[in-house]
Amino acid sequence: MAIVFSILSAVCFSAAALYQLVASKQQLASKNMKPTLLISLFQHGGWLIGLALDAIAVIFQIIALSSGSVVVVQPIIALGLVASVLAAPLFGVKRPDRASLLMAFAGTMGVALFVIGRPVQAGDHYRGGLTVIASILVLAVSVCVSLLPIRSESIKATLQAVGGALLVGYASVLERELGINFHRLGLVGSLTSKPVISLVAVGAVGLLVTQSAFQLGELHVVLPIFSVGEPIVALVGAKLILGERIFGNGIHAVGQVAGLTVALVALLVLAFRTLPSELEEGSRGGPETPHTGSV
């Protein structure tokens, strides 16, 4: 059941990302990383469709995480990257070049290789005290990175995408905690637990950061950072907070390390291959210019 709902979640997340990307590009650059950006987006029909798909995806994700570990669920969700890249022309977004498609495919295949070699999880738990501390740290780092006063919109969007991946990846750990509490405490008990409070805070800030990255960034840079960076953050959180096993034994561990290496290399290539031209050209639009150009 975990794998099925992970795939459904991946499909919904990928479609939601494209709807939100198109809508965010139409907003004024001066609204970046400000609550007014979300206020404007809530008046955009396409963005609301994306938000609804996001909500459905989260429900599928929570269902998957209630029966499956983060080590299994999050890497599968990352495979939605290929669907997003291939479906981009249907949303009026310029199709990424062949090199970008190759890197996107390599990144997701690396994640898939990691999942194949995953260890058997005997069961997990979470350390409640770490949840609050980790939430504060994740929020602080993500906001600081996203608000750095950088002139280049490409670099700023890349940093915002990193901050968004950190928030969304950590949110999956909180969702797994929510699933564990649901089985232990029931619906009422789980909805009043610490993970829910942290999840609301992380989710709200994550929404602003991810939409800001969509507003300024290129599809073939921002989306891979979200799709590949998110499960890596989730895996680290799963190990530190949930005590999940990440690597298997012997040849399985070798395959997992190889998969992660491929995914990270593909991510770095996608993130930085367009930055030199951005540094030469400077900012693409004025402070009051909607970002409606192709990505």
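For this structure, a couple of remarks:
- Theoretical FRET efficiency, 1/(1+(r/R0)^6), r = Cβ-Cβ of Leu147 and Ile39, R0 25 Å, to 0.05: 0.85
- In this structure the amide hydrogen of Leu28, modeled in the peptide plane, comes within under 5 Å of no amide hydrogen from residues 5 or more places off or on another chain.
- On a per residue basis, the range 30-76 carries 39 Å² of accessible surface, using protein heavy atoms and a 1.4 Å probe.
- Ranked by how many other beta carbons lie within 10 Å on average, peptides 58-66, 138-146 from highest: 58-66, 138-146
- The range 1-83, Rg to Rh (Cα coordinates; Rh as Kirkwood inverse mean 1/r): 1.07
- Inter-centroid distance (Cα atoms) of the range 136-161 relative to the range 204-250, Å: 14
The values are calculated or read from the model by the stated rules, or taken from the named source; none is laboratory data. Computed from a predicted model, the values in this text were never measured in an experiment. Positions of Cβ are generated from backbone atoms using ideal geometry, with glycine treated the same way; all protein chains shown enter the neighbour counts. Ligands, DNA and RNA are stripped out before the accessible areas are found, and what is left, the full protein with its side chains, is counted by its heavy atoms. Shrake-Rupley method; radii C 1.70, N 1.55, O 1.52, S 1.80 Å.
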